[in-house]
Amino acid sequence: MVYLFRSMKQMKTHARVVIVGGGIMGASLAYHLALEGCTDTLLIEKNELTSGSTWHAAGQCPSITGSYNLAKIHAYSNQLYPRLESLTGQYVSWHPAGGLRLATNDVELAWLKQIYGYSKSIGFNMEIVGLDVIKRLNPFLTTHNVLAAAWTTDDGHGDPSGLCNAMAKGARDLGATIVRRNRVVDIRSRPNGEWEVVTLQGTVIAEMVVNAAGCYARQIAAMVGTQAPITNMQHHYIVTHPVPEFADRTIEIPVMRDSYTSGYFRQEQKSGLIGVYEHSDLREAWTPSGMPAWESANELFPDDLERISPYLERAIERMPIFGDAGIRRVINGAIPHTPDGAPLLGPAAGLENFWMCCGTSFGIAQGGGCGKYLAQWMLHGSADINMAEFDPRRFGPFADEEYTRAKVFLDYRTTFTTRRPGEEEPDGRPQKMSPLYPTLLARGAVHGETFGWERPKWFSLDGRIEDYSYRRNNVFEVVGDEVRAVHERVGILDLTGFAKYDISGPDAEAYLNRIVANRVPRKVGGIGLVHLLSPGGRILGEMTVTRLAVDRFYALSAAAAELRDLDVLTQSLMPDEAVSVENVTGRRGVIVVSGPRSRELLARLTGADLSNEVFRWLTARDITVAGHPVRALRVSYVGELGWELHAPVDSMTAIYEAIWAAGQAFGIANYGLYAVNSMRMEKGYKAWAAELTNELTMLEADMPRFIDLTKPDFVGKAATLAQAARPLKIVYLDVDANDADARGGEPVLEGEQCIGVVTSGAYGHRVNKSLAFACVPPHFAAPGRAFEILIQGERRAATVLAAPAFDPDNSRMRV
Ligand SMILES: Cc1cc2nc3c(=O)[nH]c(=O)nc-3n(C[C@H](O)[C@H](O)[C@H](O)COP(=O)(O)OP(=O)(O)OC[C@H]3O[C@@H](n4cnc5c(N)ncnc54)[C@H](O)[C@@H]3O)c2cc1C
């Protein structure tokens, strides 16, 4: 009682930021907020710092990870950790052992070549080395079935508690406050937008709250009525008794990572350490309905050596010197995992100033970078790296407990399995389906998953199965055929996953013009492309807006942006603005009909006048197709004559079947998103989350056409103009590729210097060119400028194009 009273007196009652959880994520965030200038931060930990997952981690910090943006997070941590001790005075036991990731087949080698490209773009040290170097670095390794390895030299391993405590100390030394042995028991919103954080030691009022509660993130999210799609997995590693062969060595072996073992192994002082990711009999640490008890701290689960022994045996096959050492210690602890294996970093959907900093399954490796980039986002409105794939709003209500568990089990068991581009497993699917799903499936559709939606990627007309690859593969020609069908005849596509919003009210036009860079259409029936910006001028979203009436608009955006754009739309509303924003995504489906014969085809099914004189490009009308009312938008993302038909979901199948039947006379074909990507590259259309990201302003993204400077103001206007001098520019490239096209993340090289990075790319089947977008300094952006791109380890010439590779005058869409 005396203790409680003293604590209550000491606790701050107000803080700009309250962080719930003192593991590596919370501590890193507190530290980086302080480094960015915000020290009015209160971190609350229910037990001791690190007492969740962090203390028992093995402490490895690999440079290598499959995602380009996540690799940036890892790279930052690996730059920070070796310096943390001198920066903070706290011992972190950093071992700069480097890492060796073994490649045991061609797929793994191709993956390493892709990541080698990332290493050049991002700037971490990596080489692909052969057996001689592998043997020199680790003379104890059995290299059967090893082809090569990635040798990374900036990484290593540290003491997780030391790293966490160092960042906590750094934060404290800069002025942040840390309260231990205090639990957050409730979080309530206040009418003025602030949060009331109720703790065992009293209540704190906060402008922003951050959920950094690790395995408890679900419970914290539930306090504010939202969800954290996390399943906590049990994970083992063992430490051996001292290994005699290590006794006299002065150099540590690198941290080894190996798909054959499905795990990692390394030296732990003079002992061995082996951690494995088993493929079957996976165990949740706690089921969501029986989450960890609040009292739980420094908790380990009973060992299950039988479960992991097949993998330990493989590790010993690789490292026979571990075989006789015997096991000294077994750790079986909990790791939070998300459905796609990436952390949750960013705002919680539908809530203002409630942030997520959790869901990391490699939290030691990622903690430093997660804290840095989330702090930037919280304080400055955007981060220096593309945060789209970490934004918690990439998951919606579809990511329920069952879905999350299925995906997490997949993620866990494939931790050391190399997944090839485009490869998507069936686990947890299907979640959200268009009414056309069974019809298209029967016609050969191969679906991919976006924001839970099943969307056709391509159509297998002869039963072939995609041989996923970094190079052009056995669907290259199939996609070419789909493109040719759209280009020469007519194609049909299901884009029901589009996010759709009805925006209405007397102030709707003024409101939209206030929050987007372009001007929304003035005329009823007009369609325009508009962009949502942060106050700092960075790109948040892209929407197609149709004016339905003087006071009614229909906005469309990417499927994956549904909750993010909804948040921008609703959170931008001012109290005195008479505007209603409604998310109508689930109510309407979208059928796209594209190609030179699309008008003739649709004319057979509608009495409406589709002529160019009456129904012009970039306009919309309500018409009937096959007797069903549809909102027809004459727009095209593929550069051909065409219409998007937006219809109530229950009429989708009838409309599709009528078009399909009538389309037989015109040689109609189904097409999918691979073909769309090829055609949008040919049109030079930049994509949200690839080129149009929170890293860039509209001018840097080379989108000046979509800024209306005649408007007195719009969110981000001043910053857009002020930042025009930053040395970044998106350019459009013709790439001299052979059988592998750029995908994103590949370095752009001028001689030996890396001058930029590819943001996306694809082969253009109508122009027979390999095309890409890249971000480079503006003095490399002039049309005709040539440089090179490293694709699969090969240098490929690239030339800046002045105009879209296909139909630069839009003549095919205007007819
Ligand atoms: C065996 C094992 C080995 C691992 N090895 C590695 C590795 O080599 N490399 C790597 O990168 N990762 C590794 N990990 C994963 C790593 O441990 C986690 O990803 C990381 O620790 C997660 O950090 P966190 O801060 O999100 O969570 P935590 O460390 O769990 O921190 C969350 C904190 O929130 C506190 N909290 C929760 N609820 C409340 C509340 N209501 N009020 C106040 N406080 C609260 C908890 O007490 C806890 O301290 C390993 C994990 C395991 C199990």
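The values are calculated or read from the model by the stated rules, or taken from the named source; none is laboratory data. Keep in mind the model is a prediction, meaning the values are calculated, not measured. Cβ sites come from the backbone with ideal geometry, for glycine too, and all protein chains shown count toward neighbours.
Let's see how each residue does on (1) closer than 21 Å to residue 23 by Cα; (2) among the hydroxyl-bearing types (Ser, Thr, Tyr); (3) within 16 Å of the ligand (Cβ to nearest atom):
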position	(1), (2), (3)
356	yes, no, yes
362	yes, no, yes
373	yes, yes, yes
377	yes, no, no
383	no, no, no
391	yes, no, no
414	no, yes, no
417	no, yes, no
423	no, no, no
**Request:** Report, ordered by the first and then the second residue, all pairs with beta carbons closer than 7 Å, sequence separation of six or more or different chains, a first member in segment 291-313 that is over 17 Å from residue 335 (Cβ atoms), and a second member that is of a type in the set (Lys, Arg) and not in a helix (DSSP H, G or I).
**Result:** 294/46; 294/183
**Request:** Tell me which residues, restricted to segment 428-485, are basic (Lys, Arg) and out of contact with any helix residue (DSSP H, G or I) (no Cβ under 8 Å at 6 or more places or on another chain).
**Result:** 429, 432, 443, 472, 484
**Message:** Considering only segment 189-197, I want to know if a residue exists there that is closer than 17 Å to residue 348 by Cα, under 28 Å from the mean Cα position of the chain (by Cα) and of a type in the set (Asp, Glu).
**Reply:** no
**Prompt:** Among the residues of segment 108-118, is any touching a helix residue (DSSP H, G or I) at 6+ places or on another chain (Cβ under 9 Å), within 30 Å of residue 30 (Cβ to Cβ) and of a type in the set (Phe, Trp, Tyr)?
**Reply:** yes
**Asked** Inside segment 182-196, can you point out the residues that are touching a residue at least 40 places away in the same chain (Cβ under 8 Å) and loosely packed, with under 15 Cβ neighbours inside 10 Å?
**Response** 193
**Prompt:** Which numbered condition trips up residue 288, out of (1) touching a strand residue (DSSP E or B) at 6+ places or on another chain (Cβ under 8 Å); (2) within 12 Å of the ligand (Cβ to nearest atom); (3) modelled with pLDDT under 95?
**Reply:** (2)
**Prompt:** Can you name every residue in segment 314-323 that is free of Cβ contacts under 8 Å to residues at least 60 places away in the same chain and either in contact with a strand residue (DSSP E or B) (Cβ under 9 Å, 6 or more places away or on another chain) or hydrophobic (A, V, I, L, M, F, W, C) (or both)?
**Reply:** 314, 315, 316
**Residue list for segment 746-803, filter: under 25 Å from residue 119 (Cβ atoms), among the polar types (S, T, N, Q) and not in a strand (DSSP E or B)** = 792
**Listing of strands (runs of 3 or more DSSP E) fully contained in segment 505-560 that carry 2 or more residues being modelled with pLDDT under 95 and crowded, with 23+ Cβ neighbours inside 10 Å** = none
**Asked** Take the residues of segment 758-815 that are of a type in the set (A, V, I, L, M) and over 16 Å from residue 732 (Cβ atoms): which is surrounded by the fewest Cβ atoms within 10 Å (Cβ to Cβ)?
**Response** 815
**Unique match (being surrounded by fewer than 24 Cβ atoms within 10 Å (Cβ to Cβ), modelled with pLDDT of 95 or more, small (Gly, Ala, Ser) and within 19 Å of residue 558 (Cβ to Cβ)) among 675, 687, 654** = 687
**Request:** Would you check which residues across segment 218-239 are closer than 12 Å to residue 334 by Cβ and either within 8 Å of the ligand (Cβ to nearest atom) or touching an Asp or Glu at 6+ places or on another chain (Cβ under 7 Å) (or both) and list them?
**Result:** 231, 232, 233, 234, 235, 236
**Fill in**
Result of the Cβ filter at 7 Å on segment 48-63, keeping first residues that are under 30 Å from residue 117 (Cα atoms) and partners that are in a loop (DSSP other than H, G, I, E, B) and more than 7 Å from the ligand (Cβ to nearest atom), at least 6 apart or interchain, is 59/158; 59/159; 61/155; 61/158; 62/155; 63/124; 63/154; 63/155
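Quick grid of which residues meet (1) touching a residue at least 40 places away in the same chain (Cβ under 8 Å); (2) under 29 Å from residue 352 (Cβ atoms); (3) touching a Phe, Trp or Tyr at 6+ places or on another chain (Cβ under 9 Å):
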{"residue": "530", "(1), (2), (3)": "yes, yes, yes"}
{"residue": "552", "(1), (2), (3)": "yes, yes, no"}
{"residue": "567", "(1), (2), (3)": "yes, yes, no"}
{"residue": "582", "(1), (2), (3)": "yes, yes, yes"}
{"residue": "588", "(1), (2), (3)": "yes, yes, yes"}
{"residue": "613", "(1), (2), (3)": "no, no, no"}
{"residue": "617", "(1), (2), (3)": "yes, no, no"}
{"residue": "621", "(1), (2), (3)": "yes, no, yes"}
{"residue": "635", "(1), (2), (3)": "yes, no, yes"}
**Asked** Can you name every residue in segment 747-773 that is within 16 Å of residue 678 (Cα to Cα) and touching a strand residue (DSSP E or B) at 6+ places or on another chain (Cβ under 7 Å)?
**Response** 758, 759, 760, 761, 762, 763, 764, 769, 770, 771, 772, 773
**Message:** Of everything in segment 187-205, what is within 15 Å of the ligand (Cβ to nearest atom) and over 10 Å from residue 20 (Cβ atoms)? Give them in sequence order.
**Reply:** 188, 195, 196, 198, 200, 201, 202, 203, 204
**Pick from segment 562-582, criterion touching a helix residue (DSSP H, G or I) at 6+ places or on another chain (Cβ under 6 Å) and not hydrophobic (A, V, I, L, M, F, W, C), ranking: surrounded by the most Cβ atoms within 10 Å (Cβ to Cβ)** = 564
**Request:** Pull up segment 115-162, narrow it to residues that are assigned to a helix (DSSP H, G or I), within 16 Å of the ligand (Cβ to nearest atom) and in contact with a Phe, Trp or Tyr (Cβ under 6 Å, 6 or more places away or on another chain), then point me to the one that is farthest from residue 96 (Cα to Cα).
**Result:** 161
**Request:** Kindly establish whether residue 362 is touching a residue at least 24 places away in the same chain (Cβ under 8 Å) and in contact with a Leu (Cβ under 6 Å, 6 or more places away or on another chain).
**Result:** no
**Request:** Scan segment 309-342 for residues that are part of a helix (DSSP H, G or I) and not charged (D, E, K, R) and jot them down.
**Result:** 309, 310, 311, 312, 315, 316, 320, 321, 322
